Amino acid sequence: MTTLPVQLSRRLEALLTQIYPDRPSAALRDEIIAAFWPEGTQMRTRARAPGQSLWSEKDSVVITYGNSVQDGKHKPLDLLHDFLRRYLKGTINGVHILPFFPFTSDDGFAVTDYRQVNSALGDWEDIERISSEFRLMSDLVLNHVSSLSHWFTDYLQGREPFDRFFVEASPTDDLSTVVRPRTAPLLREVETANGTKHVWCTFSHDQVDVDFHNPEVLLEFLRIMRLHIDHGVQIIRLDAVAFIWKELSTSCVHLPETHAIVRLMRLLCDYALDPVVLITETNVPNAENLSYFGNRNEAHMIYNFSLPPLLLHALLSGSARHLNHWLMRMPPAQHGCAYLNFSASHDGIGVRGAEGLLSGEELGEMIGAVTEFGGLVSMRALPDGSQKPYEMNITFFDACKGTIAGGEDALQFDRFICSQTIVMALEGVPAFYIHSLLGTPNDHEGVAKTEVNRAINRHRWDYPQLRELLEDDTTIHARTLNALKDRIAIRTAHSPFNPNATQFTMQLGDDIFGVWRQSRDRSQSIFAMHNVTDRAVGVPLTSINLIDGEAWWDILTGQRIDAAAPSLHFAPYQCRWISNRP
């Protein structure tokens with residue numbers, strides 16, 4: 001290892017003094033360096049400066065489980081690799097494979113061993129094969145581990161160092177202000193070699209919270225980060241990061257030490273020889289989510305959690321008023337940072353990001369429509385013991401079956417394609433859940449089998465059947481994939497869609513959601529406009545700043561725009577990207 005850069009040493013010690021004020025910072029600094037840069041690895045001599053070199057308009061991500069496609073014969077990761085190469089290569093260049101480690105519950109998020117690939121999926125060679133062709137994102141499930149992990153079994157038996165790896169509390173402690181994403185009891189009683197204990201379980205009793213008050217926990221996760229980077233991971237998703245630091249009589253969410261740990265991880269990544277991007281997963285209200293950019297020194301990217309519920313509400317209500325109002329107040333991502341834009345993920349459509357943006361009545365109307373379209377609702381516990389909606393469990397494709405006012409209609413496909421086109425147009429990097437790309441319907445059979453609401457959106461495709469469907473251009477699955485790939489390809493060809501290119505929200509009324517994007521060199525403008533209603537709509541051309549003397553095209557259709565025409569016509573849910581370059 002090269003000599004430790006002075007700036008890295010100073011910044012590490014400052015962070016460690018904040019996180020662990022009772023520990024000698026210099027000694028702990030050396031342990032952290034050894035964990036992240038073990039013998040034989042190298043670091044940069046200077047931190048990678050914040051900038052726009054980590055992403056471009058060419059970047060997009062598909063989100064998938066390791067076994068979203070399977071055939072009962074081959075390793076699922078082999079089949080996933082084939083799917084990515086056959087259907088997405090050249091269009092989507094990134095893949096987030098949801099936890100691919102051994103696990104006991106929560107479809108991978110109760111990890112038993114972070115150092116192994118789940119043998120039911122494949123092995124590290126399969127992961128490396130995928131990462132050699134696609135930019136790979138993996139999960140670092142920071143907050144908890146499986147109750148059957150060797151960490152927790154060693155804790156129960158009182159073995160060092162794991163006897164101090166987990167958060168303990170007493171049923172008599174004041175836990176009334178703790179923010180919860182679930183309804184199960186927070187504490188779980190267990191018998192250990194050191195007597196009866198009550199361990200903290202933010203998510204479920206099979207997911208036991210680790211204790212970051214013990215620096216050995218941080219060191220172990222840094223070793224795991226290094227292992228994943230060495231196997232080709234380029235983007236690390238900090239799952240459930242908001243909850244990792246606990247203090248009694250607080251909310252136990254977004255505490256200062258949590259942000260300091262994210263800053264520490266970012267600092268290490270900025271000195272990593274190969275670029276490593278940190279992205280935080282914080283399904284919380286918008287202002288809280290934005291805090292994870294820090295001062296350009298925390299996450300490189302954050303999930304845009306307010307977008308999915310506001311986007312769906314616009315399409316189901318036929319009004320972009322709240323979507324427009326939210327976007328006008330959203331700051332541009334800080335220099336060296338970016339948003340990850342998405343409509344749906346493996347967890348469904350969270351509603352916490354809409355808190356303070358939609359009224360209770362508006363949220364209730366949307367939930368009512370979603371349940372009418374076959375969806376389900378998961379709840380979270382409030383401090384007073386009551387419950388509140390946490391997420392809508394439905395595929396985004398089926399969430400677009402109709403409207404709040406009219407119920408199901410014949411415009412599902414057009415409405416859905418409009419939703420994904422909006423995701424592509426916004427400042428940031430677009431991400432697409434595999435079941436959105438495939439137009440997958442609700443999996444009610446999966447819910448009945450598992451008794452888990454989220455299974456409705458986690459269908460496992462039989463790969464031979466899926467290939468047969470995708471080879472028939474008339475199927476809804478082929479139509480959806482082809483339409484989205486066409487638009488993603490158009491997006492990648494135009495620099496105004498760089499994740500950090502200029503964006504302004506257009507004022508076109510409630511029927512049309514529009515943004516103006518301009519390339520960083522100011523040579524190209526795109527007016528990205530989307531009809532969120534089930535009606536034909538006209539937009540006066542005088543409301544769009546089409547520069548005189550330039551030719552304009554709708555780059556989605558190739559149509560030349562007549563700048564002298566009185567208005568621009570939009571069919572129901574039609575999208576138009578008007579540019580001064582074809």
(request) For n ≥ 4 DSSP H runs only, could you compute -39500 (n - 2.57) per run for the chain, divide by its residues and tell me the 222 nm figure to the nearest 500? (result) -8500 deg cm²/dmol
(request) Please report, to two decimal places, log10 I(q)/I(0) for the range 447-562 at q = 0.11, 0.12 Å⁻¹ as given by the Debye formula with identical point scatterers on the Cα atoms and no solvent. (result) -0.59, -0.67
(message) Under 5 Å between amide hydrogens, which residues at least 5 positions from G350 or on another chain qualify, with H placed 1.01 Å from N in the peptide plane?
(response) M392
(request) Rounded to whole Å and sorted largest first, list the principal axis extents of the Cα atoms in the range 272-403. (result) 51, 35, 26
(message) Could you put R10, R23, R188 in order of accessible surface area, largest first, with the 1.4 Å probe and the full protein assembly present?
(response) R10, R23, R188
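Calculate, for the range 413-561, the solvent-accessible area per residue in square angstrom, rolling a 1.4 angstrom probe over the heavy atoms of the protein chains.
On a per-residue basis, the range 413-561 sits at 40 Å².
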(request) Give the span of the chain's Cα atoms along each principal axis, as three whole-Å numbers ordered largest to smallest. (result) 78, 54, 49
(request) Go through K197/K246; K197/K388; K58/K485 and tell me which ones have a Cα-Cα distance over 23 Å in this structure. (result) K197/K388
(message) Sequence gap at least 6, Cα distance under 8 Å: using those rules, report the relative contact order of the range 145-201 to the nearest whole percent.
(response) 33 percent
(request) May I ask for the Kirkwood hydrodynamic radius of the range 342-387, worked out over all distinct Cα pairs and given in angstroms to one decimal? (result) 12.0 Å
(request) Return the whole-Å distance between the Cα centroid of the range 98-151 and the Cα centroid of the range 53-85. (result) 15 Å
(request) Translational diffusion coefficient, Stokes-Einstein: compute it for the range 349-446 using the Kirkwood radius over C-alpha pairs as Rh, at 4 °C and 1.567 mPa s, and state it as an integer in µm² s⁻¹. (result) 88 µm²/s
(request) Quick one: plug the Kirkwood hydrodynamic radius of the range 1-144 (C-alpha pairs) into Stokes-Einstein at 10 °C, 1.306 mPa s, and report D in µm²/s. (result) 87 µm²/s
(request) List the GluC sites (Glu not before Pro) within the range 11-107 that fall in a DSSP loop (any state other than H, G, I, E or B) and whose Cβ has at most 13 other Cβ atoms within 10 Å. (result) E39
(request) Lys and Arg at +1, Asp and Glu at -1: add these up for the other residues within a Cβ distance under 14 Å of V262 and post the number. (result) -1
(request) Could you tell me which GluC sites (Glu not before Pro) in the range 444-507 are loop residues by DSSP with no more than 15 other beta carbons within 10 angstrom of their beta carbon? (result) E451, E471
(message) In Å², and per residue, what accessible area does the range 1-41 have when probed at 1.4 Å with the other protein chains present?
(response) 55 Å²
(request) Could you check how much of the accessible area of the chain is carbon and sulfur, as a whole percent, using a 1.4 Å probe? (result) 48 percent
(request) Let me know the Kirkwood hydrodynamic radius for the range 98-145, please, with Cα pairs as the basis and the value in Å to one decimal. (result) 11.2 Å
(message) Using only the Cα atoms of the range 215-310, what are the Rg and Dmax in Å?
(response) 13.7, 41
(message) Can you compute 3J(HN,Hα) from phi for each residue in the range 569-582, using the Karplus curve 6.51 cos²θ - 1.76 cosθ + 1.60 with θ = phi - 60°, rounded to whole Hz and x for Gly and Pro?
(response) 8, 10, 6, x, 6, 6, 10, 9, 10, 9, 10, 8, 9, x
(message) At 7 Å along Cα-to-Cβ for each site, give me the label-to-label distance between R479 and R115 in nm.
(response) 5.2 nm
(request) Please turn the phi angles of the range 529-537 into ³J(HN,Hα) values with the Karplus equation 6.51 cos²θ - 1.76 cosθ + 1.60 (θ = phi - 60°), one per residue in order, whole Hz, x for glycine and proline. (result) 10, 9, 7, 9, 10, 8, 10, 6, 9
(message) I need the phi-derived Karplus couplings for the range 126-131: 6.51 cos²θ - 1.76 cosθ + 1.60, θ = phi - 60°, integer Hz, Gly and Pro marked x.
(response) 5, 4, 5, 5, 5, 5
(message) Just to check, using Stokes-Einstein with a Kirkwood Rh over alpha carbon pairs, what's the diffusion coefficient of the range 398-473 at 25 °C and 0.890 mPa s in µm²/s?
(response) 170 µm²/s
(request) Please give the per residue accessible area of the range 277-358, computed with a probe of 1.4 Å over protein heavy atoms only, in Å². (result) 24 Å²
(message) Quick query: amide H of V277 versus all other amide H atoms, modeled in the peptide plane; which residues come in under 5 Å with a sequence gap of 5 or more or a different chain?
(response) I235, I236
(request) Taking just the C-alpha trace of the range 114-230, give me its Rg and Dmax in Å. (result) 16.5, 53
(message) Can you give the FRET efficiency to the nearest 0.05 for A193 and E31, using r as the Cβ-Cβ distance and R₀ = 22 Å?
(response) 0.25
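The values are calculated or read from the model by the stated rules, or taken from the named source; none is laboratory data. Values in this document were obtained by computation on a predicted structure and should not be read as measured data. When we count neighbours, we look across all protein chains shown, and the Cβ atoms used for this are built from the backbone with ideal geometry, even at glycine. Surface areas here come from the heavy atoms of the whole protein model, side chains and all, with no ligands, DNA or RNA. Shrake-Rupley method; radii C 1.70, N 1.55, O 1.52, S 1.80 Å.
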